[in-house]
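I have placed the structure first, in the form of structure tokens, so that the comments after it can refer back to it.
None of the figures in this text is laboratory data; all of them are computed from the coordinates on show. Just so we're clear, the structure is a prediction, and the values are computed from it rather than from any experiment. Please note: Cβ atoms are built from the backbone with ideal geometry, for glycine as well, and neighbour counts cover all protein chains shown.
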Amino acid sequence: MRNRLREQEAFTLIELMIVVAIIGILAAIAVPQYLRWQVQSRQAEAKTNLGGIFAAELSYYGANSRFGSFGEVGFALAAASNRYTYRSPGDGGNSGASCGGATTSSCILSGIGTSAADGQGTAGLVAMGSLSPPGFTATAAGNLDTDATVDQWHVNDLKQGLAAADQDDVAF
């Protein structure tokens, strides 16, 4: 009976600790990469919606010889689960006003998560109706990971601004 117990083999505590350490190292590498990828994929929302705003604004400009607000150009988000606050030219193509905590014809508020404060994310917002020649700039701002940094994007009538964020919330 005694010889039988000696023949049985099992994992030692050292071997188990080595496996746990290896798993810990892999998790330390993989988790930050996953979080970075997740936030970058959320940025696709802003780029896609700003591209849609660009197309709607150019179509509206072709018909009316001026740029307009979201309400005028007929732009609406497909779902209420947006992570960004969007601003566009105001009614009549005038400068986009601050949101004031409400969705208006020139402002669509963030639907989920932590949104940018009303005064944030307006760095690219210019007087749309007063440009010579006329132009527009629409902005998107949102806090994707609840830190102090706000993710900011913009698009203008030349389709500039979609290649890189004005302020990037992805930096880890």
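If amide hydrogens are placed 1.01 Å from N in the peptide plane, which non-local residues have theirs closer than 5 Å to the one on Arg66?
The list, which skips near neighbours in sequence, is empty: none.
Shape call for the stretch 1-87 from the C-alpha gyration tensor, a ≥ b ≥ c root eigenvalues: rounded (a/c under 1.5), prolate (a/b greater than b/c) or oblate? Don't jump to the answer; show the numbers that get you there.
Details: a/c = 7.53, a/b = 5.52, b/c = 1.37.
Judged from the Cα gyration tensor, the stretch 1-87 comes out prolate (a/c at least 1.5, a/b above b/c).
Quickly work out the Ser81-to-Ala164 label distance, labels modelled 7 Å from Cα along the C-beta direction, and quote it in nm with one decimal.
Reported label-point gap for Ala164 and Ser81 is 3.2 nm.
Under a plain spin-label model, where a point goes 7 Å from the Cα along Cα-to-Cβ, how far apart in nm are Leu35 and Leu13?
It is 3.3 nm.
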